[in-house]
Amino acid sequence: MRNKAELSSDILVTKDRPLVSFKRSDKLMKADPIVWWELASHDAEKTVDFLKKVFGWEIEYDETIKCFDFPIPEDSRNLSGGGVFTLKKAKLPFLTFYVQVENIDKKAKLIEQLGGYILEAPFEIPSGSRICLFNEPSGVTLGMLEKKK
């Protein structure tokens, strides 16, 4: 009997029941793919130092995006990277991912119609792209990104 979550042949198992299945397919997420992730910490420098020491990752601060940048392998299809930053508004640390969308305002309205909650309405970031943070109905924080046009 397994007591801890573990990755076993592309299925995350918790207490002997499948939690998430990871499928490899060209058909998944052609529209609205996950393109970015981020880790919000109470102290980004300490978090990054820890991750560097544990995993040997090459993580550097990117002044343009104001966070520590995680380079992604060139063979990655959609994911453009990830970052670690120090919390400013949120009270609790979080890990989230961003879904790239064509019309962020339209998607934000749909999220609210479906019972989600907009935490940060769509706004422009230094790159010229726009992001929006939201909670899905059970409270998990996710993000959307609309690329600069």
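Which condition number in (1) within 20 Å of K149 (Cα to Cα); (2) modelled with pLDDT of 80 or more is the one that K30 fails?
So K30 meets the others, but not (2).
Among the listed residues K91, K46, identify the single one that is modelled with pLDDT of 65 or more, in a loop (DSSP other than H, G, I, E, B) and among the basic types (K, R).
Checking each option against the conditions leaves just K91.
Restricting to segment 116-140, and then to whatever is outside any strand (DSSP E or B) and in contact with a Leu (Cβ under 9 Å, 6 or more places away or on another chain), can you tell me which residue is nearest to D62 (Cα to Cα)?
The qualifying residue nearest to D62 (Cα to Cα) is I125.
Which ones in segment 46-65 are surrounded by fewer than 13 Cβ atoms within 10 Å (Cβ to Cβ), touching a Pro at 6+ places or on another chain (Cβ under 8 Å) and either in contact (Cβ under 8 Å) with a residue 40 or more places away in the chain or closer than 21 Å to E124 by Cβ (or both)?
Passing the criteria: only T64.
Filter segment 99-149 for residues that are more than 17 Å from V35 (Cβ to Cβ) and among the β-branched types (V, I, T) and give the result.
Listed by number, the residues that qualify are I111, I118, V140.
Could you list all residues from segment 91-104 that are surrounded by 13 or more Cβ atoms within 10 Å (Cβ to Cβ) and over 15 Å from the mean Cα position of the chain (by Cα)?
I104
Right, F68: surrounded by 11 or more Cβ atoms within 10 Å (Cβ to Cβ) and at pLDDT 85 or above or not?
Answer is yes for this residue.
Evaluate the following for L39: is it surrounded by 13 or more Cβ atoms within 10 Å (Cβ to Cβ), modelled with pLDDT of 80 or more and in a strand (DSSP E or B)?
It is true that L39 is surrounded by 13 or more Cβ atoms within 10 Å (Cβ to Cβ), modelled with pLDDT of 80 or more and in a strand (DSSP E or B).
For N78, state whether it is modelled with pLDDT of 55 or more and of a type in the set (S, T, N, Q).
Considered against the rule, which asks whether it is modelled with pLDDT of 55 or more and of a type in the set (S, T, N, Q), N78 comes out as yes.
The values are calculated or read from the model by the stated rules, or taken from the named source; none is laboratory data. Please read all numbers here as calculations on a predicted model, not as lab measurements. No Cβ is skipped: glycine too gets one built from the backbone with ideal geometry, and neighbour counts run over all protein chains shown.
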